[in-house]
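Some notes on the structure that comes next.
The values are calculated or read from the model by the stated rules, or taken from the named source; none is laboratory data. Predicted, not measured: the structure shown is a model, and the values here were computed from it. Note that each Cβ is placed from the backbone with ideal geometry, even for glycine, and that neighbours are counted across all protein chains shown.
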Amino acid sequence: MIDIGYFSLCLALVAAGCAIGFSAAGAHRQHLPLIRSGEHAALAYAGLLTISVMVLWHALFTHNFEVQFVAENSNRDMPTIYVISALWGGQNGSLLFWGWILSLFTAATVLFNRHRYRALMPYVVMTLAITGFFFVLLNLFAADPFKKMPFVPADGRGLNPLLQHPLMAIHPPLLYLGMVGMSVPFAFGIAALISRQLDSAWLLAARRWMLIPWTFLGAGLLLGGKWAYVELGWGGYWGWDPVENSSLIPWLAGTAFLHSIMIQERRGMLKVWNMVLVILTYCLCIFGTFLTRSGIVSSVHAFAQSNVGPFFVVFLGLAILGSALLLLSRLPELRAESRLESFISRETAFLLNNWILLGMLFAVMWGTLFPVFSEALTDEKITVGPPFFNQVNVPIGLVLLLLTGAGPLFAWRRTSTESLRRNFAVPVGAALPAAVLLLIAGVRDIYALISLSLCVFVVASIALEFHRGAGARRHSTGEPYGQALFRLLSKSRRRYGGYLVHLAMVMLFIGFTGQAFTTDKEFVLHQGETAHVAGYTLQYGDLVQTQDANMSVVAASLELSRQGEFLGTLLPSRNFYQTHEQATTEVSIYSSLREDFYLILVGISDDGSAKFQAYVNPLVNWVWGGGLLFVLASLWAMWPTARERRLAALERASVRQADFLFGPGTAPTHA
Amino acid sequence: MKKYQFIFGSLVIAAGLVYLFASGVQQSAAMHLTLPALMEQLGHRDFQGKRLQLGGGTVVAGSIKWDEYHHRPDFTITDGEHQLQVRYTGNTVLPDTFKDKAIVVLEGHYKADQQLFDAQVVFAKCPSKYEGQSYDDHMKTLNEKQPL
């Protein structure tokens with residue numbers, strides 16, 4: 001059985017190789033059957049990797065501890081969901097999983113786009129297959145998930161109890177879907193460069209294929225934060241750890257790309273820049289994968305050191321070099337069609353947005369790699385911690401927030417002072433009183449004050465856009481206001497979906513701002529005693545002990561109230577897992593829209609008294625709420641409109657008809 | 001004219017960024033050392049007041065002495081050759097991965113007068129991946145890499 005997995009991995013390498021060769025040759029000679037063979041090879045490569053993955057999953061489910069990976073990452077009494085997630089619980093399996101997702105993305109691209117983007121597709125398939133080839137190669141020669149043990153152990157090592165959390169079963173696949181999926185827009189960029197089809201067709205494809213992984217990656221980042229928050233017990237959700245940073249960095253690059261392509265579509269500018277961004281996003285995804293697996297920066301949760309590092313360096317070097325040379329050779333064809341007419345324009349706002357996002361990206365990267373650079377330059381390894389990242393990113397983030405609201409208020413090309421005054425009147429008129437109110441309410445932290453006022457500014461600016469659009473529509477169609485607003489949202493999904501994403505960002509910023517007001521306190525209570533924390537009253541009742549085969553639990557029961565009103569019973573606990581000889585701290589959270597009361601049971605003394613640590617975290621739920629809105633709004637923005645669906649269907653029909661009447665490949669490429 | 005405005009604007013932004021970077025680094029910079037490197041430099045280098053990040057150590061089995069409420073322990077770390085006494089003085093509850101034989105990265109100060117490391121932050125590897133993180137594996141890689 002295991003040999004089938006290994007064998008189909010070998011075949012997948014061959015199939016990926018064929019996909020590269022056939023596609024390149026077919027495109028070069030304009031030979032349709034060859035191009036088709038390339039596509040079929042890509043589909044076969046996806047199918048073969050699927051078989052490999054299924055075999056490994058089967059081995060995990062049947063507890064085949066003959067396989068080293070299975071023995072090291074699972075055991076007999078693991079719940080089913082964690083047997084599934086054990087696939088990406090270790091280095092070798094996760095690399096296989098990476099390659100598999102890439103192959104699925106490749107197959108999806110072939111199936112959805114082969115008629116639509118005929119001139120680009122062979123090169124798209126080629127580029128994706130090259131990346132796929134690399135990962136299969138890695139699996140075969142450096143990280144074999146099917147490697148057998150010299151003996152068969154009775155039971156496996158199992159999965160770390162900390163990772164036995166449902167969020168940990170979804171968070172890594174979401175990150176992978178994000179990081180891997182960004183290969184597709186890159187492939188379209190490269191295909192456009194090679195085929196010299198540098199009009200906006202590739203941009204449209206790249207935009208949609210960027211939105212999908214971008215959403216996955218964003219959701220993955222937030223879920224990882226949620227896991228850290230409920231599981232790690234330090235009261236926060238983001239620690240600027242290299243592993244977290246390595247997936248934030250490509251997300252920032254992708255965000256910059258999604259914004260700057262709008263200038264190219266509208267005004268034919270920034271063509272080179274967009275290529276650079278899409279290449280950068282891809283390289284950063286590979287780099288992030290490399291960073292977490294090579295051990296070049298020390299992190300709390302980096303993978304074990306292994307020998308995959310040099311492979312990544314070589315591949316990344318080739319990718320950068322190849323893309324750069326290709327881009328250089330096409331520079332004359334990427335000349336801008338128009339120039340910046342005025343600094344007071346939408347274009348400038350977008351440009352600034354790109355600057356800021358890249359500034360943030362650079363800052364995060366700088367901080368993450370600071371130990372490496374400093375060691376190379378001064379022989380002394382200097383690390384920087386969260387204060388660095390916060391110090392740098394908070395101001396940059398606030399400027400970004402300002403632009404989120406201000407950008408849409410500028411007109412394309414140039415904006416007259418008169419229209420500026422008119423557009424800014426409402427948002428500024430809303431933000432200034434809000435700032436005064438916040439001051440009166442006692443907000444003294446300067447960053448928090450600016451941030452919350454800016455949030456009001458952005459919301460007002462978005463509301464103004466919605467109101468104007470709906471008003472205009474009601475005027476021209478006579479629809480009632482509500483209907484006009486809904487139709488507006490569903491007809492211009494891109495634009496208004498984008499604004500909804502901005503609203504999600506506002507919610508996130510409100511949540512982030514809450515961190516400025518966090519309070520924490522540690523205290524010892526004997527049974528029956530009460531403690532007071534930030535307006536809450538906490539009464540310690542008693543200790544509850546339970547035990548099952550897997551673990552024993554000691555929980556403290558406390559009654560939480562505020563101003564005499566009973567809010568709930570908190571049960572922070574410590575669980576001891578027998579098989580792992582490890583304890584986990586389970587926090588207990590009383591959560592409301594305003595704030596979280598976060599309670600940790602630190603430890604228990606012999607006399608039954610216990611030490612607790614309490615955090616009051618204002619506005620945390622806004623982060624999770626913002627995350628949810630982010631996903632929904634992105635889905636709204638990427639969902640094809642009725643018109644786009646009709647067009648796509650027509651196009652497919654016309655391609656088929658042309659193939660039938662005049663022979664394959666005669667239909668004009670993209671509409 | 002416009003061009004100069006643009007250049008000027010960029011310079012202002014760049015200067016702001018450089019300032020943010022520099023002050024951020026100053027606030028949180030810590031010198032990374034491995035345990036053997038620290039032990040070897042102790043004689044001829046003053047670490048007074050210097051924020052250190054100390055890697056390359058594992059918790060000596062049985063050395064963890066918790067306080068009454070299992071909050072701030074004293075413990076000893078080793079690289080197989082040297083040993084160093086550590087006192088945890090941070091606030092956060094230690095990660096659950098902190099136990100005998102755990103691989104730890106510490107942040108804090110070396111107190112020469114007490115010959116101990118005052119750790120404000122303790123990272124214990126590693127919640128994420130189990131493989132290759134066992135004590136034996138770690139000692140093996142340490143031995144292979146010597147001299148560090």
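Can you run down the residue pairs with Cβ atoms below 9 Å, 6 or more apart or on separate chains, where the first is in segment A:128-157 and more than 14 Å from chain B (Cβ to nearest Cβ) and without any contact (Cβ under 8 Å) to a residue 40 or more places away in the chain and the partner is part of a loop (DSSP other than H, G, I, E, B) and of a type in the set (Asp, Glu)?
If the second residue must be part of a loop (DSSP other than H, G, I, E, B) and of a type in the set (Asp, Glu), the pairs left are A:Phe151/A:Glu66.
With respect to A:Val180, determine if the residue is among the β-branched types (Val, Ile, Thr), over 24 Å from A:Trp251 (Cβ atoms) and away from chain B (no Cβ under 14 Å).
no
Just give me the residues in segment A:421-446 being in contact (Cβ under 8 Å) with a residue 12 or more places away in the chain and crowded, with 16+ Cβ neighbours inside 10 Å, in sequence order.
Across segment A:421-446, the qualifying residues are A:Asn423, A:Phe424, A:Val426, A:Pro427, A:Val428, A:Ala430, A:Ala431, A:Ala434, A:Ala435, A:Leu438.
Name the residues in segment A:377-397 that are over 21 Å from A:Glu244 (Cα atoms) and more than 9 Å from chain B (Cβ to nearest Cβ), would you?
Selection gives A:Leu377, A:Thr378, A:Asp379.
Restricting to segment A:477-488, give me the number of residues that are under 13 Å from A:Phe466 (Cα atoms) and exposed (fewer than 15 other Cβ atoms within 10 Å of the Cβ).
The number of residues fulfilling the criteria is 4.
Residues of segment A:6-29 being over 30 Å from the mean Cα position of the chain (by Cα) and in contact (Cβ under 8 Å) with a residue 40 or more places away in the chain, which ones?
If the condition is that a residue be over 30 Å from the mean Cα position of the chain (by Cα) and in contact (Cβ under 8 Å) with a residue 40 or more places away in the chain, then A:Tyr6, A:Ser8, A:Cys10, A:Ser23, A:Ala24, A:Gly26, A:Ala27 are the ones that fit.
Looking only at segment A:341-354, filter to residues that are crowded, with 18+ Cβ neighbours inside 10 Å and not polar (S, T, N, Q); which one of those is farthest from the other protein chains (Cβ to nearest Cβ)?
Residue satisfying both the conditions and the ranking: A:Arg346.
For segment B:22-49, name all the residues that are within 11 Å of another protein chain (Cβ to nearest Cβ) and assigned to a loop (DSSP other than H, G, I, E, B).
B:Ala29
Go over the candidates A:Asp144, A:Asp77 one by one and state the one that is in a loop (DSSP other than H, G, I, E, B), out of contact with any Leu (no Cβ under 8 Å at 6 or more places or on another chain) and closer than 20 Å to A:Ile51 by Cα.
So the residue among A:Asp144, A:Asp77 that is in a loop (DSSP other than H, G, I, E, B), out of contact with any Leu (no Cβ under 8 Å at 6 or more places or on another chain) and closer than 20 Å to A:Ile51 by Cα is A:Asp144.
How many of the residues in segment A:228-247 are over 16 Å from the mean Cα position of the chain (by Cα) and away from every other protein chain (no Cβ under 12 Å)?
Adding up the residues that qualify gives 2.
Quick one: A:Met262 ticks every box in (1) buried (at least 22 other Cβ atoms within 10 Å of the Cβ); (2) under 28 Å from A:Ala108 (Cα atoms) bar one, so which box is it?
(1)
I need the full set of residues from segment B:63-91 which are exposed (fewer than 14 other Cβ atoms within 10 Å of the Cβ), at pLDDT 90 or above and assigned to a loop (DSSP other than H, G, I, E, B), in order please.
B:Thr89
Could you figure out which of (1) among the polar types (S, T, N, Q); (2) assigned to a loop (DSSP other than H, G, I, E, B); (3) within 9 Å of another protein chain (Cβ to nearest Cβ) isn't true of A:Ser374?
It fails just one condition, (2).
Can you tell me how many residues within segment A:472-495 are over 26 Å from A:His259 (Cα atoms) and of a type outside the set (Lys, Arg)?
Residues meeting the conditions: 10.
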